[in-house]
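Engineer: The following block contains the structure, expressed as structure tokens.
The values are calculated or read from the model by the stated rules, or taken from the named source; none is laboratory data. Owing to the predicted nature of the structure, the values given are computational and were not obtained by experimental measurement. FYI the Cβ positions are ideal-geometry reconstructions off the backbone, even for glycines, and counts take in every protein chain you see.
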Amino acid sequence: MKKFANVMMACALTATCAMGAATVGFAADFDNTSDISVLSREDGSGTRGAFIELFGIEQKDADGNKVDNTTEEASITNSTSVMMTSVANDEYAIGYISLGSLNDTVKAVKIDGAEASVDSVTAGEYKIVRPFNIVTKEGMDNALAADFINYIMSADGQAVVTDNGYIAVSDAEAFTSDMTEGKLVIGGSSSVSPVMEKLVEAYKAINTNADIEIQTTDSTTGVSSAVEGTYDIGMASRELKDTEISEGVAGTTIAQDGIAVIVNNGNPVEELTSEQVLSVYTGETTTWADIAE
């Protein structure tokens, strides 16, 4: 049964990793028989969906159905902020978050020798990357939503994207608002929310007539609520599924974002391979000693 993350334990370890294989050396005072505290996100999280796909944790069964093989021992966190706090409070922990949300309370490890950074993503070196999408219902006639989307994809909106640690996807011209009045409800992914808040703040400085509300939930809720009309714009930190598109919504990528694999700042491990991450999250590797082997 999946456990919910609460107050964590503490430990320390050191590591040196080569590109292809795990070669880890521990500090003399580290009990390497300690369990790895595996932290994951809730079902419906776009970050979880992208993470399990990119690391091969999600596999197809004999009938062609996708199966999430995340270990049942993983503790579940329900937002980016909770994930970061949980890892920051547990030196045994490993987790994952949006690269754009990374701060100095936790440490991002290299994956296969590549640093988790915007420059590394842009250069094509860091491969753990997913889109940030906004989701709208086909035929939507909210003029304020249309003006705001034009802002996001403009040079001005994309500058906000890059200024906040994400990767721009558009080279459109500067923005001019039509100063539309009205109400706009945006909701969904907790990973997209931080940059969306910055975009809304910058847009409202231009269009002072806008009344915009952001509701932070998860990617699946972002899509389903756009389908239902509860959200004018949904937020999803993953690709849309075919079943979602068939329900009459369209996705627009507003940014690219890396997924950072994170550990506690007291954990000296600096690098893991993709294979090590897969092994930890499927439950094959359960202690830090297993990584050293």
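Engineer: So, GLY222, is that one of a type in the set (Gly, Ala, Ser), within 23 Å of VAL185 (Cα to Cα) and either at pLDDT below 95 or under 18 Å from the mean Cα position of the chain (by Cα) (or both) or not?
Structural biologist: Details: of a type in the set (Gly, Ala, Ser): yes; within 23 Å of VAL185 (Cα to Cα): yes; either at pLDDT below 95 or under 18 Å from the mean Cα position of the chain (by Cα) (or both): yes.
So GLY222 fits the description; yes.
Engineer: Could I ask something else about it? Of the numbered conditions (1) buried (at least 22 other Cβ atoms within 10 Å of the Cβ); (2) more than 26 Å from VAL227 (Cα to Cα); (3) out of contact with any Asp or Glu (no Cβ under 6 Å at 6 or more places or on another chain), GLY100 fails exactly one; give the number of that condition.
Structural biologist: The failed condition is (3).
Engineer: Only one of (1) at positive phi; (2) in contact (Cβ under 8 Å) with a residue 12 or more places away in the chain fails for GLY64. Which number is that?
Structural biologist: (2)
Engineer: What single numbered condition from (1) assigned to a strand (DSSP E or B); (2) under 18 Å from the mean Cα position of the chain (by Cα) fails to hold for GLY100?
Structural biologist: GLY100 satisfies every listed condition except (1).
Engineer: Within the stretch 190-197, is there a residue that is among the polar types (S, T, N, Q), under 19 Å from THR253 (Cβ atoms) and outside any helix (DSSP H, G or I)?
Structural biologist: yes
Engineer: From the list THR252, THR243, THR220, THR230, exactly one residue is without any contact (Cβ under 8 Å) to a residue 12 or more places away in the chain and either under 18 Å from ASN133 (Cα atoms) or part of a strand (DSSP E or B) (or both). Which is it? Can you show your working first?
Structural biologist: Values: THR252 fails: without any contact (Cβ under 8 Å) to a residue 12 or more places away in the chain; THR220 fails: without any contact (Cβ under 8 Å) to a residue 12 or more places away in the chain; THR230 fails: without any contact (Cβ under 8 Å) to a residue 12 or more places away in the chain.
Matching residue, one of THR252, THR243, THR220, THR230: THR243.
Engineer: Across the stretch 124-171, which residue is surrounded by the fewest Cβ atoms within 10 Å (Cβ to Cβ) among those that are of a type in the set (Val, Ile, Thr) and farther than 23 Å from ALA226 by Cα?
Structural biologist: At the first step, the residues of the stretch 124-171 found to be of a type in the set (Val, Ile, Thr) are 128-129, 134-136, 149, 152, 160-162, 167, 169.
Now drop any that are not farther than 23 Å from ALA226 by Cα, which leaves 128-129, 160, 162, 167.
Working: ILE128: 22, VAL129: 17, VAL160: 22, THR162: 13, ILE167: 20.
The extreme case among them is THR162.
Engineer: Just the residues that are under 17 Å from PRO194 (Cα atoms) and either among the charged types (D, E, K, R) or in contact with a Pro (Cβ under 9 Å, 6 or more places away or on another chain) (or both), please, taken from the stretch 77-131.
Structural biologist: Of the stretch 77-131, the ones under 17 Å from PRO194 (Cα atoms) are 78-85, 96-105, 118, 130-131.
Residues satisfying the conditions are THR80, SER98, GLY100, SER101, ASP104, ARG130.
Engineer: Right, something else. Name the residue that is farthest from ALA260 (Cα to Cα), counting only residues in the stretch 118-138 that are touching a residue at least 60 places away in the same chain (Cβ under 8 Å) and in a loop (DSSP other than H, G, I, E, B).
Structural biologist: Restricting to residues being touching a residue at least 60 places away in the same chain (Cβ under 8 Å) and in a loop (DSSP other than H, G, I, E, B), the top hit is GLU138.
Engineer: Within the stretch 198-215, track down each residue that is in a helix (DSSP H, G or I) and in contact (Cβ under 8 Å) with a residue 12 or more places away in the chain.
Structural biologist: Keep residues of the stretch 198-215 that are in a helix (DSSP H, G or I), which gives 198-206.
Scanning the stretch 198-215 gives LYS198, LEU199, VAL200, ALA202, TYR203, ILE206.
Engineer: Confirm whether GLY100 is at positive phi and not β-branched (Val, Ile, Thr).
Structural biologist: Details: at positive phi: no; not β-branched (Val, Ile, Thr): yes.
Against the criterion (at positive phi and not β-branched (Val, Ile, Thr)), GLY100 does not qualify.
Engineer: Consider the stretch 255-282. How many of its residues are touching a strand residue (DSSP E or B) at 6+ places or on another chain (Cβ under 8 Å) and assigned to a loop (DSSP other than H, G, I, E, B)?
Structural biologist: First, the residues of the stretch 255-282 that are touching a strand residue (DSSP E or B) at 6+ places or on another chain (Cβ under 8 Å): 255-265, 267, 269-274, 277, 280-281.
Next cut, assigned to a loop (DSSP other than H, G, I, E, B) only: 265, 267, 269-270, 273.
Final tally of qualifying residues: 5.
Engineer: Also, quick follow-up: Can you tell me which residues in the stretch 226-257 are in contact with a Phe, Trp or Tyr (Cβ under 8 Å, 6 or more places away or on another chain) and surrounded by fewer than 21 Cβ atoms within 10 Å (Cβ to Cβ)?
Structural biologist: THR253, GLN256, listed by residue number.
Engineer: What single numbered condition from (1) free of Cβ contacts under 8 Å to residues at least 60 places away in the same chain; (2) surrounded by fewer than 24 Cβ atoms within 10 Å (Cβ to Cβ); (3) touching a Gly at 6+ places or on another chain (Cβ under 7 Å); (4) not aromatic (Phe, Trp, Tyr) fails to hold for THR180?
Structural biologist: (3)
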